[in-house]
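One structure is given below, encoded as structure tokens.
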Amino acid sequence: MSTPNTAKKETPTGRTSGPGRLLITVYGVFAISATARALLQIATKFDEAPVAYTLSAFAAIVYIVATVSLAKPGAKWATVATVAICIELLGVLVVGALSLVDPAAFQHASVWSKFGQGYGYIPLLLPIIGLIWLYRHREAK
């Protein structure tokens, strides 16, 4: 017998289940680590490299938005995730290229410097994997 206040729990399907959970977890780890790194850098040595540390903070925000939007079901959240991950990919490519072309401008690394070299190039691979995942699990309109 069910009580009126008992809500049926929905099991995640589509892009929020299976390997999608792993993708969300990896994004969550990057959201936490990028946020912690940016806050520490800004609090302790912002004057040494304001551009790099601002980029770290921006990357943290992008990872947070990507994590939350990947975890939420629905077409609107999928669109938010796609936009966030496209911004992430653009950031990795632009910052990565600039940090190689003009290393003096990026003496202090950000998460996207040298295409994410300091993180085993995961920042370069993650948005590609994320966009493929979203494409394969797009919802019919």
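At-a-glance table
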| quantity | calculated |
| --- | --- |
| For the chain: relative contact order, % (alpha-carbon pairs under 8 angstrom, 6 or more apart) | 23 percent |
| Spread of Cα-to-Cα distances over 10 Å intervals beginning at zero, given as percent, for the chain | 12, 38, 27, 14, 6, 2, 1 |
| Size of charge dipole - region 31-137 - debye, nearest 20, with Cβ of Lys, Arg +1 and Asp, Glu -1, no other charges | 380 debye |
| Ranked by how many other beta carbons lie within 10 Å on average, peptides 117-123, 54-60 from highest | 54-60, 117-123 |
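Each reported figure results from applying straightforward, stated rules to the coordinates on display, with no laboratory input. None of the values given here were measured: they were computed from a predicted structure. FYI the Cβ positions are ideal-geometry reconstructions off the backbone, even for glycines, and counts take in every protein chain you see.
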